[in-house]
């Protein structure tokens with residue numbers, strides 16, 4: 001997830017762009033965007049973005065995440081919100097928290113990552129079907145279109 005200056009200018013004032021640097025065998029940049037006007041809770045926005053970085057390989061196994069306090073301070077949100085996000089990531093098997101040391105990207109098994117990616121594809125397909133139906137497309141037209149896209 002790389003953001004150019006042009007991308008940053010496009011962001012509405014309701015967004016906070018965060019660059020947090022953390023170390024584990026090198027320096028990395030964690031980029032999180034929070035949309036304060038979204039109906040999605042902030043902790044879910046954090047969870048979804050960190051999950052995406054883990055699934056796409058941006059965050060590697062054993063990479064240390066920013067501390068709860070430092071991430072909360074950078075995002076200007078409650079530490080409880082970040083803690084809830086980290087707890088959710090841990091419950092889903094994406095993060096392991098070691099008391100006194102911090103939170104680290106878990107050695108998530110490939111099956112878990114694959115399942116997350118399948119859920120994402122399913123959600124996108126459901127959105128496409130809803131959009132097609134809102135345009136009065138029949139099921140057959142949707143199937144034909146799907147097969148056409150599949151051939152590409």
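Condition (residue is free of Cβ contacts under 8 Å to residues at least 12 places away in the same chain, over 23 Å from residue 40 (Cβ atoms), assigned by TED's automatic domain parsing to the domain that holds residue 34 and within 18 Å of the chain's Cα centre (by Cα)) applied to segment 84-93: is it met by at least one residue?
no
Against the condition assigned by TED's automatic domain parsing to the domain that holds residue 32, within 18 Å of residue 40 (Cβ to Cβ), in contact with a strand residue (DSSP E or B) (Cβ under 8 Å, 6 or more places away or on another chain) and surrounded by fewer than 17 Cβ atoms within 10 Å (Cβ to Cβ), how does residue 60 come out, does it pass?
It is false that residue 60 is assigned by TED's automatic domain parsing to the domain that holds residue 32, within 18 Å of residue 40 (Cβ to Cβ), in contact with a strand residue (DSSP E or B) (Cβ under 8 Å, 6 or more places away or on another chain) and surrounded by fewer than 17 Cβ atoms within 10 Å (Cβ to Cβ).
Which ones in segment 130-146 are surrounded by fewer than 13 Cβ atoms within 10 Å (Cβ to Cβ) and either outside any helix (DSSP H, G or I) or in contact (Cβ under 8 Å) with a residue 40 or more places away in the chain (or both)?
Those that are surrounded by fewer than 13 Cβ atoms within 10 Å (Cβ to Cβ) and either outside any helix (DSSP H, G or I) or in contact (Cβ under 8 Å) with a residue 40 or more places away in the chain (or both): 135, 136, 138.
Only one residue in 68, 47 is at pLDDT 90 or above and closer than 25 Å to residue 120 by Cα, so which one is that?
After ruling out the rest, the residue left standing is 47.
I'm trying to understand the selection: among the residues of segment 64-87, which are assigned to a loop (DSSP other than H, G, I, E, B) and under 16 Å from residue 36 (Cα atoms)?
Within segment 64-87, 76, 77, 78 meet the criteria.
Please go through segment 88-129 and give me each residue that is surrounded by 14 or more Cβ atoms within 10 Å (Cβ to Cβ), in a loop (DSSP other than H, G, I, E, B) and either modelled with pLDDT of 95 or more or out of contact with any helix residue (DSSP H, G or I) (no Cβ under 7 Å at 6 or more places or on another chain) (or both), ordered by number.
Across segment 88-129, the qualifying residues are 92, 106.
The values are calculated or read from the model by the stated rules, or taken from the named source; none is laboratory data. On a predicted model such as this, the values are computed, not experimentally measured, just so you know. Quick reminder, even Gly has a Cβ in these numbers, built from the backbone with ideal geometry, and neighbours come from all protein chains shown.
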